[in-house]
Amino acid sequence: MEEQKVKVSVRHLTKKFGDLLVLNDCSFDVMDGDLLCVVGPTGCGKTTFLNSLVNIYDITDGEILLDGQKVDTKHQSIAYIFQGDSTMPWLTVEENVSFGLDIKKLPKKLRQERVDKYLDIVGLTKYRKYYPKQLSASMLQRVSIARAFATEPELLLMDEPSMGLSPLLVQEIFDIIRNIHKEGMTILLVEQNAQMALSVAHRGYVMETGKIVATGSGAELIE
């Protein structure tokens, strides 16, 4: 069996804002093709980690590597689904999903195939001509997920995909994440809803006050 390679390597990651220590010597790996989650309470450093990974924040110490190289979002294929609604209100659902593909200047036929495929996966095909103001919170989140997956990135980052959703809609979103992960890309998500995130994850890390305090398979950490 072919050995699974490391996709993201985090080594001794430390981040301070002035005297405030937010990430404290964090080290872990994300394997290629994994669905991995980092869970923990609000304020523990989860979002700071994602923002450090994509160079929104400069790190204080340590390193983050993607495929053995320093992260360069201009030359590496990374998609980031931020907290809350990130749809563009002046675009229809299908135009939102196609947005990244338009930037990449993919051929029109391929763009349409990708949009059709991911709208179907997230259950929004019949809403393709709707505008964001016509959609529920769950549907808006599904648009963001479809838009990110349509670019078929080598790494997908998701920040609190369940935020602001009812328990029923949270289940719906994580079912979509589980199904869409079967496309084979590497997914790293951070989530406060540990039970739900760990139920879909291959592997999880538990973070408290900026430190990794536990690791294991999703099933092991739920127990």
Any aspartates and glutamates whose Cα falls less than 12 Å from that of Lys15, other than same-chain ones fewer than 8 residues away, would be Asp25, Asp58, Asp61, Glu63
A correct Stokes-Einstein calculation for segment 138-178, using the alpha-carbon Kirkwood radius, 4 °C and 1.567 mPa s, returns a whole-number D in µm² s⁻¹ of 122 µm²/s
Per GNM of the chain with C-alpha springs under 10 angstrom, the most fluctuating residue out of Ile187, Ile173, Ile56 is Ile56
P(r) of the chain over all Cα-Cα pairs, 5 Å bins starting at 0, rounded to whole percent, reads 1, 7, 15, 18, 20, 16, 12, 7, 3, 1, 0
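Please work out whether segment 74-203 counts as rounded, prolate or oblate from its C-alpha gyration tensor, where a ≥ b ≥ c are the square roots of the eigenvalues and a/c under 1.5 means rounded, while otherwise a/b larger than b/c means prolate and anything else oblate?
Because a/c hits 1.5 or more and a/b fails to exceed b/c, segment 74-203 counts as oblate.
What accessible area per residue comes out for segment 96-223, rounded to a whole number of Å², with a 1.4 Å probe? Please report the intermediate quantities before stating the final value.
Details: 6090 Å² over 128 residues.
Spelled out: the 1.4 Å probe surface of segment 96-223, per residue, equals 48 Å².
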Here FRET efficiency (C-beta to C-beta, Lys74 to Glu154, R₀ 22 Å, nearest 0.05) is 0.95
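Which value results when the Cα radius of gyration for segment 22-89 is divided by 2.2 N^0.38 Å? Kindly include the intermediate steps, with their values, before the conclusion.
Details: Rg = 13.1 Å, N = 68, 2.2 N^0.38 = 10.9 Å.
Rounded to two decimals, the normalised Rg is 1.20.
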Once all protein chains are kept in place, His202 shows an accessible area at probe 1.4 Å, nearest 10 Å², of 90 Å²
Nearest-0.05 FRET efficiency for Gln112 and Asn55 at R0 = 30 Å, using Cβ-Cβ distance, is 0.40
Contact order relative to length for the chain, counting C-alpha pairs under 8 Å separated by 6 or more residues, stands in percent at 29 percent
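The values are calculated or read from the model by the stated rules, or taken from the named source; none is laboratory data. Every value quoted in this text rests on a predicted model; they were computed, and no experiment measured them. A quick note on method: Cβ atoms are made from the backbone with ideal geometry, for glycine too, and the neighbour counts reach across all protein chains shown. Protein only, heavy atoms only, side chains kept; ligands, DNA and RNA dropped before computing areas. Shrake-Rupley method; radii C 1.70, N 1.55, O 1.52, S 1.80 Å.
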